[in-house]
1. Give the residue that is surrounded by the fewest Cβ atoms within 10 Å (Cβ to Cβ), with candidates limited to residues of region 40-54 that are among the hydrophobic types (A, V, I, L, M, F, W, C) and within 15 Å of Ile95 (Cβ to Cβ).
2. Restricting to region 5-47, name every residue that is closer than 17 Å to Asp129 by Cβ and among the hydroxyl-bearing types (Ser, Thr, Tyr).
3. Could you list, in sequence order, all residues of region 61-105 that are in contact with a Pro (Cβ under 6 Å, 6 or more places away or on another chain) and modelled with pLDDT of 95 or more?
4. Among the numbered criteria (1) more than 14 Å from Gly104 (Cα to Cα); (2) of a type outside the set (Ser, Thr, Tyr); (3) modelled with pLDDT under 95, which single criterion is violated by Lys44?
5. Among the listed residues Ser48, Ser55, identify the single one that is hydroxyl-bearing (Ser, Thr, Tyr), out of contact with any helix residue (DSSP H, G or I) (no Cβ under 7 Å at 6 or more places or on another chain) and part of a strand (DSSP E or B).
6. Does Ile57 count as over 16 Å from the mean Cα position of the chain (by Cα), surrounded by 11 or more Cβ atoms within 10 Å (Cβ to Cβ) and of a type in the set (Val, Ile, Thr)?
7. Examine region 103-121 for a residue that is under 18 Å from His47 (Cβ atoms), of a type in the set (Lys, Arg) and in contact (Cβ under 8 Å) with a residue 12 or more places away in the chain, and state whether such a residue exists.
8. Could you look through region 33-76, keep only residues that are among the aromatic types (Phe, Trp, Tyr) and touching a strand residue (DSSP E or B) at 6+ places or on another chain (Cβ under 7 Å), and pick out the one that is nearest to Arg3 (Cα to Cα)?
Amino acid sequence: MFRTRSSHTIDAKGRLIIPARFRDLLKAGGGDGVVVTGMPGVVKALHSYTFEEWSRIETQILSLPKKSEEMRRFIRFFIGGASECSCDKQGRVLIPPDLRNYAGLKKEIMLVGVLDHFEIWSRENWDNDQKYLEKDMLKEDFKNEIENIGL
């Protein structure tokens, strides 16, 4: 499972060093790389999956009995925008320009483990999102959701 968060930099060519703890999980998940894609309308960050987890997602999408027009648009963005990024000898992956632009990745970034995947955030977008979390923590319904998982 992907856990923890850490600050990193992405170089001018779009290469990002994947921490060893994440690389080990990627290898255990079917390969020496990651599938990276955007998530429309949710957050301006990239979602990164092991090859095994990505295969599960694709199988699940293929098994949908009927796809609405909204779901077809989502699939076009989510699947059509996905990129297989292999790790080089230094443990770096090259994030394609269109994905970097989508997430606003410039130099300072955050890698955030989210159990079955990890997210790649621009530092600016991450800091802004944390402000929303602070406001969310004041909502009673949200506090109850957190309590329901035993925290």
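1. Ala45
2. Ser6, Ser7
3. Result: Ser83, single match.
4. Every listed condition holds for Lys44 apart from (1).
5. Exactly one residue qualifies, and that residue is Ser48.
6. no
7. no
8. Tyr49
The values are calculated or read from the model by the stated rules, or taken from the named source; none is laboratory data. Just so it is clear, the structure is predicted and the values come from calculations on it, not from any experiment. Ideal geometry is used to build each Cβ from the backbone, glycine not excepted, and the neighbour counts take in all protein chains shown.
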